[in-house]
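Here is the structure we will look at.
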Amino acid sequence: MKNALLISFSIILFSSFSFAQNKNNLPEPESFFGFKPGSDGNLFHYEKLIAYFSQLDNASPMVHMEQIGNSPMGKPMYIVFISNANNISKLEDFKKINRELALNPVLSKKEKQELIQQGKVFVLATLSMHSNEVGPAQAFPTIAYNLITSEDKELQNALNNVVYMVVPCHNPDGMDMIVDHFYKYKGTMFDGASMPDVYHKYVGHDNNRDFITLSQDDTKAISAITSQTWFPQVMVEKHQMGSTGVRYFVPPNHDPIAENIDARLWNWLGVFGTNMANDMTSQGLEGVAQHYLFDNYWPGSTETCLWKNVIAFLTEAASANYANPVYVEPTELGVYGKGLSEYKKSVNMTMPWTGGWWQLSDIVNYEISSTFSILKTAARYKEKILTVRNNLCVTEVNAGKNEAPYYYVFPKEQHDISELYKLLNLLKEHGVHVFEAENEISYNQKTINKGDYIVPLAQPFRAFIKESLEKQEYPARHYTPNGSLIKPYDITSWSLPLHMGVQYFDLSDKYVDISDAIKPYNYSSDVKTINNIEDGVKYIALTSNSNESYNIVFHLLNNGIPVNRIPEEIQINNTLLPKGSFVVVLNEKSKNFIQNNNILNNYNYLPVSNLTIKQEAIKVPEIGLFETHFHDMDAGWTRYVFDSYGIKYTVIHPEDFEKLDLTKFNIIIFPNSNKSVILEGKYKKADGQYSPTHYPPEFTKGIGKDGVKKIMEFVNKGGEIISWGSSTGLFTGLMSEEYKKGETLEYELPFKNISKNMQKKGLYCPGSLVKVELDNNLPIAYGMPDEINVFYRGNPVFKTSLPYFDMDRKVIAKFPEKGILTSGYIEKEELLGNKAAAISIDKGKGKLYLFAFNPQFRASTHNSFKLIFNALFFPAP
């Protein structure tokens, strides 16, 4: 006993000595950065942030940093672990414990208790994904230094029981863009102006909408932490909001909330949020609000891991002007949205902030306080949090056997099999187990064919499986009984198979265990690369049904390899090739390119030895892609889709129009953007007044009426326009052109947007998946079924009219008479019945393709990509 006491005493002395030594050797933030983080007028770049934590990693046994991936622009992304030195030395052991508690539903009581006793609560934080929300990332060095050097016993105890794991910046590319922008204009009259363009390679603010589709590299890296590798029990996403409202939002969220989430998770959000509100208010931090503004019914944000049994939530701090202080008059304070009707003391904001100066240093202080509160709560409830993590795993697996649906089945026979494989691989990336039927299975009078793919619901991530695969029904809630609808914060549909155009069905009649009849899905086993084309093959045929065919074709054309299309369907080797399918003539160049680049596989490889059907040569045209400077996310998503498919383009900004020769292009694309922004470089409000912008003036130019005339001259001479969403408004109303010297012709294109009238009658569609009927005999709809689902927000609604002069029109797609809504929420859908959803207009020698919906919405609606792809092909000379 005496020896044991001596050993314990020695360990305490050694730990104290080591801690003191580490503190002396630690880089102190102010000396490292050359200014105090959070001080007025100062920001550091991403590289400097990482350099600080690299030094901290080397200097302290309480810190470990490792790379988790790369940003879309190639910057390395890291995660930083902070805990006591003993915990840091055992991270790999804790990683295994986390996995067992998260994914093992059959732990014995003894095994479970041992893991809970040995384990630690892992709290994941992701910082400043929206790069103009600079505070969380700028605060982190101070938080880390304070954690490591703190003599606060409660905080030290927290680090004994908690591992704090932080992605120092969720969006490295955007962070550097914002800091560069800030310093570019610092000290000028435009100091603090909004940064033009998106603060990301592609998607800007929409990076917080990508956690179900996982299209972006930074999203993938962070999603893997909760789905594949570390399985933390708690996650917080740190944001900022407007400057003139509450100072800080903490959970719980406002209604509506997701119905697939277990009640215990919602209650834990309340525990963390209430403790934050209590701790921060006790420290004199005013303006902390709960149950305010932010609902939590939709996946897509970083908190999508909530559907994977993580206690996941966000905080939102009021913003300064980057690193510049703002002064808020008390009369300017207000609230909007949900949860607070007045800026007054209430149960949702018990100590309002009264106004005055608000600085980046205030945000840093709020971030320090909220972070320490989260860590202390996690430590206080360590056993309960680790226990509930495994209990949720058990609950979800059991629910998959006792609550319908029990399985989702994806037939191997698909209209577009390439999308099936994309979906299955995406599910695996999300940590979902996918299986394949080894033989035909008879299931309660339903047949699963050999080779069909199956996703059982009896999995730990059942809530995510169900949420991402079922069609959505918005959880309509009201402020009072029979009162106003609580409107959704964002979209109301995200079903992966419905958005991607993958056919599937569920098995809901009765649970039957079919585990003996299925095997794990293995993409590399099912999909084989073709790298040896047999002798005698003269052509390769590619079905127009497959998005992957278009991907291959664009890459072939980019490399100078000719591709033809067939205008009629044809039967080849027992395979029906639909209209618009592609043919590659094999010669030495094309054969070598195909074999060396591994672009074909067994599901899209159709060798042909003889082909007599008519073929039409195609080329990829010169494409101009219009993008405003007003954080144009839809244009960014379009760039991402085009880059993913090898489609080359030139970005056109509004200020380019005056001097740009449009005839260098064959096609100009206008993604979804406000008409007044395109035309005038400013937002026009419903009352006709203009909203001031906060961009430097060189970025607030519009194309003007002369720009519209220039576009229509481009069309008259044979150019093509592709436009969707609000940008189609550019082509409505009275236009004029000089049809001969000194003579002006006024005209309207033969269509109108009648959505305002529909809205007055009650049409409301906040972002849903709706059906449209296609004329797939038209070349623009080649390879598509006669009915598809598209993402739509209720505006525009097209009404065509009889053409005159040198014009014509054609309805490409229309809403059906009934059953329009597929997934999401809509009011008065019957008003859309038999209305045009996509049209083409011939004008002069050219053409316009106009879509009421976003055919590439957030890169998620693969189902409608072909409408853009088909419009891009021009006859080769």
What distance in nm separates the simple spin-label points at Asp40 and Lys95, each placed 7 Å from Cα in the Cβ direction?
4.6
In terms of the alpha carbon gyration tensor, root eigenvalues a ≥ b ≥ c, rounded if a/c is under 1.5 and otherwise prolate when a/b exceeds b/c or oblate, region 561-616 is prolate
Looking at the square roots a ≥ b ≥ c of the eigenvalues of the Cα gyration tensor of region 229-364, which shape do they give, rounded for a/c under 1.5, prolate if a/b is larger than b/c, or oblate?
prolate
Could you run the Debye sum over the Cα atoms of region 320-435, one equal point scatterer each and no solvent, and tell me log10 of I(q)/I(0) at q = 0.12, 0.14, 0.16 Å⁻¹, two decimals?
-0.86, -0.90, -0.94
Per DSSP H run of n ≥ 4, the term is -39500 (n - 2.57); total these for the chain, divide by its residue number, and report the mean residue ellipticity at 222 nm rounded to 500 deg cm²/dmol.
-9500 deg cm²/dmol
Taking the Cα centre of region 57-163 as the origin, how large is its charge dipole in debye, to the nearest 20, when only Lys and Arg (+1) and Asp and Glu (-1) carry charge on their Cβ atoms?
360
Binned Cα-Cα distances of region 382-452, short to long, each 5 Å bin given as a whole percent:
4, 12, 15, 19, 19, 13, 8, 5, 4, 1
Explain nothing, just compute: Karplus ³J(HN,Hα) = 6.51 cos²θ - 1.76 cosθ + 1.60, θ = phi - 60°, for every residue of region 121-134 in order, whole Hz, x for Gly and Pro.
7, 9, 10, 9, 10, 10, 10, 6, 5, 8, 5, 6, 8, 6
With DNA, RNA and ligands ignored, accessible area of Asp661 (1.4 Å probe; Å², nearest 10)
90
Can you pick out the pairs among Lys345/Lys675; Lys401/Lys428; Lys238/Lys384; Lys466/Lys519 whose Cα atoms lie more than 29 Å from each other?
Lys345/Lys675
What percent of all Cα-Cα pairs in region 696-819 falls in each 10 Å bin, counting up from 0?
10, 34, 33, 19, 4, 0
What distance in nm separates the two pseudo spin-label positions at Gln615 and Asn573, each 7 Å out from Cα along the beta-carbon direction?
1.5
Let a ≥ b ≥ c be the square roots of the eigenvalues of the Cα gyration tensor of region 748-848; is it rounded (a/c under 1.5), or, if not, prolate (a/b larger than b/c) or oblate?
oblate
Solvent-accessible heavy-atom area per residue, rounded to whole Å², over the chain at 1.4 Å
40
Report the label-to-label distance for Asn267 and Asn70 in nanometres (one decimal), using points 7 Å from each Cα along the Cα→Cβ vector.
4.6
Using θ = phi - 60° and Karplus 6.51 cos²θ - 1.76 cosθ + 1.60, couplings along region 334-349 (whole Hz; Gly, Pro as x)
x, 10, 8, x, 10, x, 9, 8, 9, 7, 9, 4, 7, 5, 8, 8
For the chain, whose charge dipole is built from +1 on Lys and Arg Cβ atoms and -1 on Asp and Glu Cβ atoms, the candidate among Gln615, Leu265, Ile561 with its Cα farthest towards the positive end is Leu265
Given contacts defined as C-alpha pairs under 8 Å and at least six residues apart, what's the relative contact order of region 460-585, whole-number percent?
17
Of the listed links Lys36/Lys75; Lys450/Lys471; Lys760/Lys843; Lys705/Lys799; Lys589/Lys614; Lys487/Lys648, those spanning more than 30 angstrom between alpha carbons are Lys760/Lys843; Lys487/Lys648
I'd like the trypsin sites (Lys or Arg not before Pro) in region 407-466 restricted to DSSP loop residues with at most 14 other Cβ atoms within 10 Å, sorted by number.
Lys450
Subtract the Cα-Cα distance of Asn157 and Glu114 from 0.36 nm times their separation in residues, and report this length gain in nm to one decimal.
13.4 nm
Any chance you could look up the accessible area of Lys120 with a 1.4 Å probe, heavy atoms only, rounded to 10 Å²?
30
Where Ser89, Ser549, Ser194 fall by accessible area, highest first, once all protein chains stay in place (1.4 Å)
Ser89, Ser194, Ser549
For region 179-248: Kirkwood Rh in Å [reciprocal of mean 1/r, alpha carbons]:
15.2
Quote the relative contact order of the chain in percent (integer), defining contacts as alpha-carbon pairs under 8 Å separated by 6+ residues.
10
Dipole check, region 359-508, charges on Cβ (K,R +1; D,E -1), about Cα centroid: among Pro460, Val434, Met500 the Cα furthest to the positive pole belongs to Pro460
Excluding ligands and nucleic acids, what accessible area in Å² is computed for Arg477 using a 1.4 Å probe, to the nearest 10?
90
Could you tell me the ratio Rg/Rh of region 470-519? Both radii from Cα atoms, Rh via Kirkwood.
1.19
How about region 657-717: which trypsin sites (Lys or Arg not before Pro) there lie in a loop by DSSP and see at most 13 other Cβ atoms within 10 Å?
Lys659, Lys685, Lys717
Mind listing the Cα extents of region 176-302 along all three principal axes, in Å, largest one first?
51, 40, 26
Using amide H atoms built in the peptide plane, which far-off residues or other-chain residues are under 5 Å from Ile788 H to H?
Val772, Leu774
Take the alpha carbon atoms of region 410-445, find their center, do the same for region 32-111, and report the distance between the two centers in whole angstrom.
36
Relative to the present Cα-Cα distance, how much length would full extension add between Asn398 and Val585 at 0.36 nm per residue of separation?
61.8 nm
Sorted by accessible area with a 1.4 angstrom probe, largest first, how do Glu627, Glu259, Glu413, Glu622 fall?
Glu413, Glu259, Glu622, Glu627
Rounding to the nearest 20 debye, state how big the charge dipole of the chain is about its Cα centre with +1 on each Lys and Arg Cβ and -1 on each Asp and Glu Cβ.
520
Which percent, to the nearest 5, of DSSP beta bridges fully inside region 192-350 are antiparallel?
25
Roughly to the nearest percent, how much of the accessible area of region 339-473 is carbon and sulfur, given a 1.4 Å probe?
45
Quick one: of the DSSP bridges fully inside the chain, what percent are antiparallel, nearest 5?
70
Compute the relative contact order of region 631-724 as a whole-number percentage, counting only Cα pairs closer than 8 Å that sit 6 or more residues apart in sequence.
35
Region 55-164: mean projected area of Cα convex hull, nm²
8.8
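The values are calculated or read from the model by the stated rules, or taken from the named source; none is laboratory data. Since this is a predicted model, take the numbers as computed values, not measurements. Cβ atoms come from the backbone with ideal geometry, glycine included; neighbour counts cover every protein chain shown. Ligands, DNA and RNA are stripped out before the accessible areas are found, and what is left, the full protein with its side chains, is counted by its heavy atoms. Shrake-Rupley method; radii C 1.70, N 1.55, O 1.52, S 1.80 Å.
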